[in-house]
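Working notes for the structure below.
The values are calculated or read from the model by the stated rules, or taken from the named source; none is laboratory data. Keep in mind it's a predicted model, so treat the numbers as computed, not measured. Virtual Cβ from ideal backbone geometry, glycine too; neighbours counted across all protein chains shown.
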C-alpha cells in the first residue's frame with residue numbers, strides 16, 4: 001500500500017478477518033511526507049475528516065472514492081494539532097504545553 005493511502009475495511013461476520021472495501025490514494029501528493037495530514041478522523045461512516053495543516057479541514061467522501069466533499073478554512077489563531085467530532089460538534093485541539101480546546105457546531109462549520 002502506498003504512503004498516504006487510506007484503507008477502509010469491513011468486519012466479516014464469520015471470523016476475525018477484515019476485508020478491504022477500497023483504498024483511497026493521495027493522488028495529489030508527490031512528496032508524501034510534506035503533504036501528510038496532521039490528523040484524520042471518521043466523521044460518519046461515509047465521511048473522513050482530514051486536518052491538512054493547522055488551518056484546513058478537508059471532508060472526504062469515502063463512498064465516492066475519497067473525493068473532496070468540502071474544505072473548511074478554520075478561522076482561529078490557535079495552531080491546531082488534532083480534532084474529533086460528535087454528532088453535533090467538532091472539537092479542535094491546539095498545540096503547545098497548554099493547548100486550547102475549541103468547540104465548533106458542525107452545522108455552522110460546514111454551512112455555506
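Can we say residue 81 is assigned to a strand (DSSP E or B), out of contact with any helix residue (DSSP H, G or I) (no Cβ under 7 Å at 6 or more places or on another chain) and more than 18 Å from residue 106 (Cα to Cα)?
Details: assigned to a strand (DSSP E or B): yes; out of contact with any helix residue (DSSP H, G or I) (no Cβ under 7 Å at 6 or more places or on another chain): yes; more than 18 Å from residue 106 (Cα to Cα): yes.
For residue 81, the condition - assigned to a strand (DSSP E or B), out of contact with any helix residue (DSSP H, G or I) (no Cβ under 7 Å at 6 or more places or on another chain) and more than 18 Å from residue 106 (Cα to Cα) - is met.
Would you point out the residue of region 85-101, among those that are outside any strand (DSSP E or B) and over 17 Å from the mean Cα position of the chain (by Cα), that is nearest to residue 50 (Cα to Cα)?
Looking only at region 85-101, we keep the residues that are outside any strand (DSSP E or B), and these are 86-88, 95-100.
If we keep only those that are over 17 Å from the mean Cα position of the chain (by Cα) as well, we get 95-100.
Values: 95: 17, 96: 20, 97: 23, 98: 23, 99: 20, 100: 19 Å.
Result: 95.
Report yes if residue 45 is surrounded by fewer than 14 Cβ atoms within 10 Å (Cβ to Cβ), assigned to a loop (DSSP other than H, G, I, E, B), modelled with pLDDT under 90 and touching a helix residue (DSSP H, G or I) at 6+ places or on another chain (Cβ under 9 Å), otherwise no. So that I can check it myself, show each step before the final result.
Working: surrounded by fewer than 14 Cβ atoms within 10 Å (Cβ to Cβ): yes; assigned to a loop (DSSP other than H, G, I, E, B): yes; modelled with pLDDT under 90: yes; touching a helix residue (DSSP H, G or I) at 6+ places or on another chain (Cβ under 9 Å): yes.
Taking the combined requirement at face value, the residue satisfies it.
Sort through 54, 31, 63, 26 and tell me the only one that's modelled with pLDDT of 90 or more, more than 11 Å from the chain's Cα centre (by Cα) and not in a strand (DSSP E or B).
Working: 54 fails: modelled with pLDDT of 90 or more; 31 fails: modelled with pLDDT of 90 or more; 26 fails: modelled with pLDDT of 90 or more.
Exactly one residue qualifies, and that residue is 63.
Yes or no: residue 74 in contact with a helix residue (DSSP H, G or I) (Cβ under 9 Å, 6 or more places away or on another chain), more than 14 Å from residue 41 (Cα to Cα) and surrounded by 16 or more Cβ atoms within 10 Å (Cβ to Cβ)? Can you show your working first?
On the way: in contact with a helix residue (DSSP H, G or I) (Cβ under 9 Å, 6 or more places away or on another chain): yes; more than 14 Å from residue 41 (Cα to Cα): yes; surrounded by 16 or more Cβ atoms within 10 Å (Cβ to Cβ): yes.
Spelling it out, residue 74 is indeed in contact with a helix residue (DSSP H, G or I) (Cβ under 9 Å, 6 or more places away or on another chain), more than 14 Å from residue 41 (Cα to Cα) and surrounded by 16 or more Cβ atoms within 10 Å (Cβ to Cβ).
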